[in-house]
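One structure below.
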Amino acid sequence: MFERRLTNQIAIGDTVIGGDAPISVQSMTKTDTRDIKSTIRQIKELEDAGCEIIRCAVPDLEAADALAEIKKNISIPLVADIHFHHNLALKSIENGVDALRLNPGNIRDSDKVREVVKAAKTRSIPIRIGVNFGSLPPIGGIGKTGDFHRLADGVNKLAKDSKETDAEYNVVDHMVNTALWEVAILEDMDFDQIKISVKGFDVPMTVDAYTRLSDKVDYPLHLGITEAGTPLNGSIRSAVGLGTLLAMGIGDTIRVSLAGDPVLEVEAGYEILKSLNLRNKGVTLVACPSCGRADVDIVKYANMVDEALKKFDKPIKVAVMGCEVNGPGEAKDADIGIAAGVGRGIIFRKGQKVKVVPESEFLPALIEEMEKIDLESK
Ligand code: SF4
């Protein structure tokens, strides 16, 4: 439905990014990376939820060392998240990570970036140039070292809305220029295993930044609305931001940043992609919101079905509807559906009425039908 902007293809471990590869869903661990056991446990939970790439913070050398053991115990590609110290990137490469994220806002010494690129080249691992509004270099400080503080240098005073032709230098210019500074270094070294992100909290600004960048480079883009908020607020903000970009054909991989369980990030990521028919994973639940017409507590059943269906991996559309108004239509359109009436519900399968069940059997009857579809597909 949406014409995807064609980007170069790269591989992070065995996950292919860009080109015509599926838009991948990633997350970041929230454990202390040095706590190897907890970090592996969290990554396993994320793997079960369908996470396709995982990133771990690397605040010090102990964390960089922990990556070796973490890598051995997980099955999805591991990305080291590097800020400030390029030696942490070198150590992470040594310890077997599948990719790096470098922040050009806080690693601004081009010689140090070159050292990292050289090491990344020897292992053929990609680098994400990860620009973030919260850690942009000071104005006039792109690619310049020194510890002058960005707040003193006016980044926060720059206009957020932008047109490239505007005379005034704005924050989108600054974000894009920061990314392009590092792109130039990498290209200069014939390194093309590049992915870029230009994340911010402000949705229109972030959309502008990605759109502008996408017009300038063919590298795959990692999308994110950063520090988006708690699960409800953050999912909505991310859905609006990422959804806008994805509908424009921009984006090769996504992360929903939530102040909550990272499993929710992965679930939200897939819901965004599924809403645009860009991925087709697991059960898609069509549930009516209920209203004064509903004959049963349909919200309760929708939540029960949502929970029970998490174990199914096959892409199936399930409808849980409260009455005869939209119920039969939606239930028939889904692979499996229930249209509830007074004390009973009609179960539909692929548009055909299968049976009528009493309210006490709504859930078991739906699960039975799901299992049949699941078995048939094996
Ligand atoms: S399907 Fe029926 S119960 Fe559900 S919202 Fe529509 S009218 Fe209300």
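A few notes on this one:
- Rough spin-label spacing in nm, given labels placed 7 Å along Cα→Cβ, for E94 and N8: 2.8 nm
- Extended-chain gain in nm, criterion 0.36 nm per residue less alpha-carbon gap, K44 and K144: 32.0 nm
- Between M304, M28, M175, the GNM of the chain built on Cα springs shorter than 10 angstrom shows M304 fluctuating the most.
- Selected from I93, I346, I12 as most flexible by GNM, with the chain as the system and alpha-carbon contacts under 10 Å: I346
- The chain, relative contact order [Cα under 8 Å, separation at least 6], %: 12 percent
- Ordering V58, T244, G269 by Cα displacement along the dipole of the chain toward the positive end leaves G269 in first place; charges were set at the Cβ atoms of Lys, Arg (+1) and Asp, Glu (-1).
- Sequence-distant contacts, meaning Cα pairs under 8 Å at least 6 residues apart, place the relative contact order of segment 264-378 at 19 percent.
- Computed lengthening from D20 to A159, 0.36 nm per intervening residue step minus Cα-Cα distance: 46.5 nm
- Highest-fluctuation residue, S124, S257, S24 considered, GNM on the chain with Cα pairs under 10 Å: S124
- Backbone N within segment 2-25 under 14 Å of label point (7 Å from E187 Cα along the Cβ vector): 8
- Value of [θ]222 nm, deg cm²/dmol, for the chain, DSSP H segments ≥ 4, -39500 (n - 2.57) each, nearest 500: -12000 deg cm²/dmol
- About its Cα centre, the dipole of the chain is roughly 340 debye, where the only charges are +1 on Lys and Arg Cβ and -1 on Asp and Glu Cβ.
- Here the scattering of segment 10-275 is modelled by Debye summation over its C-alpha atoms, one equal scatterer each and no solvent; at q = 0.17 Å⁻¹ the log10 of I(q)/I(0) is -1.43.
- Within straight-line reach of K353, meaning a Cα separation under 20 Å, sit the following aspartates and glutamates at least 8 residues removed in sequence or on another chain: D295, E324, E330, D333, D335, E361, E368, E369, E371, D374, E376.
- Inter-part distance, segment 204-242 to segment 265-332, computed on C-alpha centroids, equals 26 Å.
- DSSP bridge analysis restricted to the chain gives an antiparallel fraction near 30%, rounded to the nearest 5.
- Simple spin-label estimate for N87 and K310 in nanometres, 7 Å along Cα-Cβ: 4.3 nm
- Relative contact order for segment 152-281, counting Cα pairs under 8 Å that sit 6 or more residues apart, in percent: 18 percent
- Bridgeable lysines around K71 (alpha carbons under 27 Å apart, same-chain partners fewer than 8 residues away excluded): K30, K37, K44, K91, K112, K118, K121, K195, K199, K281, K310, K311.
- The stretch between I74 and K216 holds 47.6 nm of extra length on full extension. This uses 0.36 nm per residue minus the Cα-Cα distance.
Each reported figure results from applying straightforward, stated rules to the coordinates on display, with no laboratory input. Nothing here was measured: the structure is a model prediction, and the numbers come from that model. Every residue, glycine among them, receives a Cβ derived from its backbone with ideal geometry; neighbour counts consider all protein chains shown.
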